[in-house]
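Enquirer: Quick one: structure below, then a few questions.
The values are calculated or read from the model by the stated rules, or taken from the named source; none is laboratory data. On a predicted model such as this, the values are computed, not experimentally measured, just so you know. Because the Cβ atoms are built from the backbone with ideal geometry, glycine has one as well, and the counts that use them run over all protein chains shown.
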Amino acid sequence: MAISSASNARRAGDVDELADRWGPALIALSGLFMASIGWLKWPDLMIDYGSQVYLPWQISEGKVLYRDIHYLFGPLSSHVHGLLFSVFGPSIRLLMLFNLFLVAVLTGVIFVLFRRCANALTATLCGIGFLAVFALAQYPHERGNFNFVSPYNYELTQGVFLAIVTLFLYQSYLQQPRTGKLAGTGCLTGLVFLTKPEVFLPVFLAMISGLSIAFYYQEGGFRKKLLSLFVWVLAVVSIPFMFWIYLALYMPGGQAFQGLIGPWLHVWDPLPRSLPMYQWAAGLDDLGGNLTKLLGYALDWVGILALIYATHQWLLTKRFSGSWTGWLFVVGLATAIGFAPIPWTELARPLPLLVLALGIVHLRNLKKAHPTQRAQPLFLFAFSLFSFVLMFKILFNVHVYHYGFALAFPAFMLLIRFLVFDLPAWIPSDRQKFSFGHAITPALVLTYAIVHMTSSYNGYLLKNYPVSTGPDTTLDYNPQLTPRGVVVNAALGYIDQEIDPKAAFPVLPGGSMLNYLSRHTNPFPFLTFDPLEMHIHGEARYLERFQQQPPQYIIIVSRDYLHLGAQRFGKNYANNLHAWIRTHYKEAALFGEHPSSGKGYGILFLKHSPQTQ
């Protein structure tokens, strides 16, 4: 066994040396390819993303979040983007470039992080996997917004970015404890608080647990360790506190505080958790069926690994010593698997079980480790805890798409580490023979990434119709698939020709993109008029604002909210507001299908008509 371990190490060293030399270049090429096929195609034209560009535009124009605009999430991303808009001018392309830069930084952090806790080959595959499967992906069955460039919510992706950087700095702290690094992890954790609760809770629990264990093992008395904990807590609290001071300059302190903790208040609202979309995402709509699938795919994983081990052992008994022959066999096998009818999008379901098991293993390794070797198992335990809790929102229905593009990717990195670094170390081999077990797992990971690259390529091919002009141009689906892009362009032309440039109008039930692209503000503080936000704010509050300040124009867009428990505005919810609008407004223009018909996409312009009252 000692000879096998030594040969494993030598073989791994050879491959790792190549990965160390060429890995960053391969990651960069993967990123350039994914960026080139997805350029201008990442956002969804009319679903969710409009709020993400409207908010920073309004902040750059002097509006104050939580005072002038109601928002259900943290303030960090919208203010960072608002600052960019203030300096460079509002531009969707600017946001894309900035967030592509963040993707590049995060990819570099992932590479360095997993190179430290594994090897260069693992780090290379983690970087490629992050870019191809998560950060820059577009799956044909999904609309846009589930990527790191133009997501449905920037607080989610930038929160995950900050959380990974926090853990990266924590890893450095474990290797060389310094007060500055400790305070840095605290400040970064405080920044995550300003994004979304589902990101802050995982990193907070990981840091509390990881630091507590680190303090336990560190030398020094109780007072010194208590002081270190105080430094960290003070750093965490200081960031939200400073942001509260900033907001309190523009509104009462209580209102500013309520805005900052608002995302946490909505977490306890039972309605969102009962809605069809959230039930499906969490796997609670069919808990028994999803648990069966989770366990079934976990058994498939075990079977595949057993088959790999058996094949490896069998090849060791054969005259299979030529590396070229071996690699041709592995490449051929991986290629055949790539073309096989495998349910690729379902393979991530067992990730919670894997991460939970790995967390327990790393905790046990920590207890057994020599005092000088505790940093790595402690970091891996903290990273596993973070990854597991981050998946709570999709726990019984984990996928790499939809919410999984951000919530499942750290767990997927641990899966890559397990397959490429941990597993081969347990497989005996002979230095004189080709090691199938050491070659096939990286090949399978790379195959998985290539399959998803191909899927994204096919998805992005569907988007080739330009909407809007200049730095706000995006590419929507081909008009043969949906007339939406054509309808939006026609509506923008109508706004430009028929509506006063200074006029303000709301777009119901959700269409802040029209406000942004036409540079016409929404006169109300409500970003959207969907069933969930109307439940939170109350329909009576919406109706009162309309009655007090009826805008000259109201725009109605086609939008189906079955995933939020109601189908269309005025049919299954907001009936009173819809009735008031129909009484006080007349139709001025229609592009596409009538939004109330349910026959297709359309945009309806309504003009205030006092004589109809």
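Enquirer: Are any of the residues in the range 349-360 buried (at least 18 other Cβ atoms within 10 Å of the Cβ), at pLDDT 90 or above and among the basic types (Lys, Arg)?
Expert: Initial filter on the range 349-360 (buried (at least 18 other Cβ atoms within 10 Å of the Cβ)): 349-352, 354-355, 358-359.
Filter again for at pLDDT 90 or above, leaving 349-352, 354-355, 358-359.
Okay, now just the ones that are also among the basic types (Lys, Arg), so 349.
Checked against the condition, which is being buried (at least 18 other Cβ atoms within 10 Å of the Cβ), at pLDDT 90 or above and among the basic types (Lys, Arg), the range 349-360 yields at least one hit.
Enquirer: Among the residues in the range 338-352, are any touching a Lys or Arg at 6+ places or on another chain (Cβ under 6 Å) and either in contact (Cβ under 8 Å) with a residue 40 or more places away in the chain or of a type in the set (A, V, I, L, M) (or both)? Spell out the reasoning first.
Expert: So the first thing to find is which residues in the range 338-352 are touching a Lys or Arg at 6+ places or on another chain (Cβ under 6 Å), and the list is 349.
In the following step, the residues that additionally are either in contact (Cβ under 8 Å) with a residue 40 or more places away in the chain or of a type in the set (A, V, I, L, M) (or both) were identified as 349.
Yes, some residue in the range 338-352 is touching a Lys or Arg at 6+ places or on another chain (Cβ under 6 Å) and either in contact (Cβ under 8 Å) with a residue 40 or more places away in the chain or of a type in the set (A, V, I, L, M) (or both).
Enquirer: So for the range 542-556 (the condition being touching a residue at least 60 places away in the same chain (Cβ under 8 Å), closer than 24 Å to Gly493 by Cα and surrounded by 14 or more Cβ atoms within 10 Å (Cβ to Cβ)), does at least one residue qualify?
Expert: Yes.
Enquirer: Can you go through Gly283, Gly259 and tell me which one is at positive phi, touching a helix residue (DSSP H, G or I) at 6+ places or on another chain (Cβ under 8 Å) and in the same structural domain as Glu346 (by TED's automatic domain parsing)?
Expert: Numbers: Gly259 fails: at positive phi.
Only one candidate passes the filter, namely Gly283.
Enquirer: Right, here's the next one. Which ones in the range 553-568 are in a strand (DSSP E or B) and in contact with a Gly (Cβ under 9 Å, 6 or more places away or on another chain)? Outline the logic, then answer.
Expert: As a first pass, look at the range 553-568 and keep what is in a strand (DSSP E or B): 553-557.
Listed by number, the residues that qualify are Ile555, Ile556, Val557.
Enquirer: Another one. Quick one: which of Val451, Val420 is in the same structural domain as Leu351 (by TED's automatic domain parsing) and in contact with a Pro (Cβ under 6 Å, 6 or more places away or on another chain)?
Expert: Numbers: Val451 fails: in contact with a Pro (Cβ under 6 Å, 6 or more places away or on another chain).
When all the criteria are applied, what remains is Val420.
Enquirer: Hey, another quick one. Here is a list of conditions, (1) modelled with pLDDT under 95; (2) among the hydrophobic types (A, V, I, L, M, F, W, C); (3) closer than 18 Å to Ile304 by Cβ; (4) out of contact with any Phe, Trp or Tyr (no Cβ under 9 Å at 6 or more places or on another chain), and Ala439 meets all of them except one; can you say which number that is?
Expert: (4)
Enquirer: Also: Starting from the range 158-171, keep only residues that are of a type in the set (S, T, N, Q), then list their pairs with residues that are part of a helix (DSSP H, G or I) whose Cβ atoms are within a distance under 6 Å, requiring at least 6 positions of separation or different chains.
Expert: Gln158/Ser77; Thr166/Thr185; Thr166/Leu188; Thr166/Thr189; Thr166/Val203; Gln171/Phe379
Enquirer: All but one of (1) touching a residue at least 40 places away in the same chain (Cβ under 8 Å); (2) within 30 Å of Thr473 (Cβ to Cβ); (3) touching a strand residue (DSSP E or B) at 6+ places or on another chain (Cβ under 8 Å) hold for Pro531; state the number of the condition that does not hold.
Expert: (2)
Enquirer: Against the definition (of a type in the set (Gly, Ala, Ser) and under 20 Å from Met46 (Cβ atoms)), how does Ala566 come out, yes or no?
Expert: Details: of a type in the set (Gly, Ala, Ser): yes; under 20 Å from Met46 (Cβ atoms): yes.
So Ala566 passes the test.
Enquirer: Within the range 113-165, which residues are under 30 Å from Val53 (Cα atoms) and of a type in the set (D, E, K, R)? Reasoning before the result, please.
Expert: At the first step, the residues of the range 113-165 found to be under 30 Å from Val53 (Cα atoms) are 127-165.
Passing the criteria: Glu142, Arg143, Glu155.
Enquirer: So if I check each of Val361, Val398, which one is of a type in the set (A, V, I, L, M) and within 30 Å of Pro140 (Cβ to Cβ)?
Expert: Working: Val361 fails: within 30 Å of Pro140 (Cβ to Cβ).
So the residue among Val361, Val398 that is of a type in the set (A, V, I, L, M) and within 30 Å of Pro140 (Cβ to Cβ) is Val398.
Enquirer: Tell me the helices (runs of 4 or more DSSP H) entirely within the range 484-546 that contain at least 1 residues that are within 25 Å of the chain's Cα centre (by Cα) and aromatic (Phe, Trp, Tyr). Quick ask: steps written out before the conclusion?
Expert: Working: elements: 484-498, 512-518, 531-537.
Answer list for the range 484-546: 512-518.
Enquirer: Let me ask something else. Which is modelled with pLDDT under 95, surrounded by fewer than 22 Cβ atoms within 10 Å (Cβ to Cβ) and of a type in the set (Phe, Trp, Tyr), of Trp22, Trp39?
Expert: Values: Trp39 fails: modelled with pLDDT under 95.
After applying the criteria, what remains is Trp22.
Enquirer: Filter the range 568-592 for residues that are under 31 Å from the mean Cα position of the chain (by Cα) and surrounded by fewer than 16 Cβ atoms within 10 Å (Cβ to Cβ) and give the result.
Expert: Result: Asn572, single match.
Enquirer: Is there a residue being under 14 Å from Val103 (Cα atoms) and among the aliphatic types (A, V, I, L, M) anywhere in the range 39-61?
Expert: No, the range 39-61 contains no residue that is under 14 Å from Val103 (Cα atoms) and among the aliphatic types (A, V, I, L, M).
Enquirer: Kindly evaluate Gly289 against the criterion of being within 22 Å of the chain's Cα centre (by Cα), modelled with pLDDT of 95 or more and not aromatic (Phe, Trp, Tyr).
Expert: Details: within 22 Å of the chain's Cα centre (by Cα): no; modelled with pLDDT of 95 or more: yes; not aromatic (Phe, Trp, Tyr): yes.
Taking the combined requirement at face value, the residue does not satisfy it.
Enquirer: For the structure I just gave you, tell me whether Leu508 is surrounded by 17 or more Cβ atoms within 10 Å (Cβ to Cβ) and without any contact (Cβ under 8 Å) to a residue 60 or more places away in the chain. Even if it seems obvious, please write down each step before you answer.
Expert: Working: surrounded by 17 or more Cβ atoms within 10 Å (Cβ to Cβ): yes; without any contact (Cβ under 8 Å) to a residue 60 or more places away in the chain: no.
No.
Enquirer: State whether one or more residues within the range 393-414 are out of contact with any helix residue (DSSP H, G or I) (no Cβ under 8 Å at 6 or more places or on another chain) and assigned by TED's automatic domain parsing to the domain that holds Leu29. Walk me through how you get there before you give the answer.
Expert: Of all residues in the range 393-414, those out of contact with any helix residue (DSSP H, G or I) (no Cβ under 8 Å at 6 or more places or on another chain) come to none.
No, because not a single residue in the range 393-414 is out of contact with any helix residue (DSSP H, G or I) (no Cβ under 8 Å at 6 or more places or on another chain) and assigned by TED's automatic domain parsing to the domain that holds Leu29.
Enquirer: Given the residues Trp314, Trp327, Trp301, which is the only one that is in a helix (DSSP H, G or I), more than 32 Å from the chain's Cα centre (by Cα) and surrounded by 12 or more Cβ atoms within 10 Å (Cβ to Cβ)? Lay out the reasoning, then the answer.
Expert: On the way: Trp314 fails: surrounded by 12 or more Cβ atoms within 10 Å (Cβ to Cβ); Trp301 fails: more than 32 Å from the chain's Cα centre (by Cα).
Trp327 is the lone residue from the list that is in a helix (DSSP H, G or I), more than 32 Å from the chain's Cα centre (by Cα) and surrounded by 12 or more Cβ atoms within 10 Å (Cβ to Cβ).
Enquirer: State whether one or more residues within the range 193-216 are surrounded by fewer than 19 Cβ atoms within 10 Å (Cβ to Cβ), among the aromatic types (Phe, Trp, Tyr) and out of contact with any Pro (no Cβ under 7 Å at 6 or more places or on another chain).
Expert: Yes, that holds for at least one residue.
Enquirer: Please state which of the following conditions Cys126 fails to meet, knowing it meets all the rest: (1) at pLDDT 95 or above; (2) over 22 Å from Met34 (Cβ atoms); (3) out of contact with any Leu (no Cβ under 6 Å at 6 or more places or on another chain).
Expert: Every listed condition holds for Cys126 apart from (2).
Enquirer: Surrounded by 20 or more Cβ atoms within 10 Å (Cβ to Cβ) and under 30 Å from Pro341 (Cα atoms): which single residue out of Tyr465, Tyr448 fits that description? I'd like the intermediate steps shown before the answer.
Expert: Values: Tyr465 fails: under 30 Å from Pro341 (Cα atoms).
Just a single option satisfies the conditions, and that option is Tyr448.
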